[in-house]
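What follows is a single structure, written as structure tokens, with notes after it.
The values are calculated or read from the model by the stated rules, or taken from the named source; none is laboratory data. Here the structure is a predicted model, which means the values were calculated and not measured. Using ideal geometry, Cβ is built from the backbone for each residue, glycine included, and neighbour counts are taken over all protein chains shown. In case anyone asks, the SASA skips ligands and DNA or RNA and just uses the protein heavy atoms, side chains included. Shrake-Rupley method; radii C 1.70, N 1.55, O 1.52, S 1.80 Å.
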Amino acid sequence: MVSSGGTGDGWRDAAHRIAVDPANPDVVYCGITNGNSGIPGIYRAIDGVTFSGLTTNGSTPFPAASGGPGTCGIVIDPSQGTVVVGGQTRTARIIIPLAGSGIYESVDGGQNFTEIAISTIGRSDISVYQAFVDHDGIYYAIVSYAGAQNTGYLWRYANPAQSGQAPWIL
């Protein structure tokens, strides 16, 4: 995926992270690097070919990633099973970080996303550089904060409804 500065006179690679749904290879998420307002931070294809801007709740566009690594920590978690959306089987749980905007989670196959990190971590200037979900659905992320050069923190997220634990643990 590439983007232009508007007039088509200069093109650059835009995709920062691509994740394919293991339950349905036609469902593909693509994170855009350091976008600006007006350009969605996440795109999704449901036919494997045609991408459109993803929304958090059906009508609100995802914010653009505003810094750092953009959308590096997108993960699709097969441990939480599948759901049927519009006749398609999809993995139920998706986690999408947007640098400077928060970390979003869907548990309904990508139809609705909720920001899950800012209220617990206490700041919005977070950037996820790498992430992984284990077989129990625990999300591990290497996170840094704006202005903290060469400093990374390992955060662990367990959905409190499933684990009974505090959601984010440093």
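General observations
- Pairs with Cβ under 6 Å, 6+ apart, first in region 77-104 and over 14 Å from residue 29 (Cβ atoms) and modelled with pLDDT under 95, second among the basic types (Lys, Arg) and open to solvent by less than 30 Å² (accessible area, probe 1.4 Å): 80/93
- Residue match in region 138-157 (condition: surrounded by fewer than 20 Cβ atoms within 10 Å (Cβ to Cβ), closer than 21 Å to residue 56 by Cα, within 18 Å of the chain's Cα centre (by Cα) and at pLDDT below 90): no
- Any hit, region 76-92, residues being part of a loop (DSSP other than H, G, I, E, B) and among the hydrophobic types (A, V, I, L, M, F, W, C): no
- Members of region 70-104 that are open to solvent by 10 Å² or more (accessible area, probe 1.4 Å) and of a type in the set (A, V, I, L, M): 75, 76, 83, 84, 85
- Residue check, residue 107 at pLDDT 85 or above, open to solvent by 30 Å² or more (accessible area, probe 1.4 Å) and either closer than 22 Å to residue 156 by Cβ or under 14 Å from the mean Cα position of the chain (by Cα) (or both): yes
- Taken as a whole, region 133-145 holds at least one residue that is under 24 Å from residue 46 (Cα atoms) and either assigned to a loop (DSSP other than H, G, I, E, B) or in contact with a Cys (Cβ under 7 Å, 6 or more places away or on another chain) (or both).
- Complete set of residues in region 110-130 that are more than 17 Å from residue 40 (Cα to Cα) and within 10 Å of the chain's Cα centre (by Cα): 128
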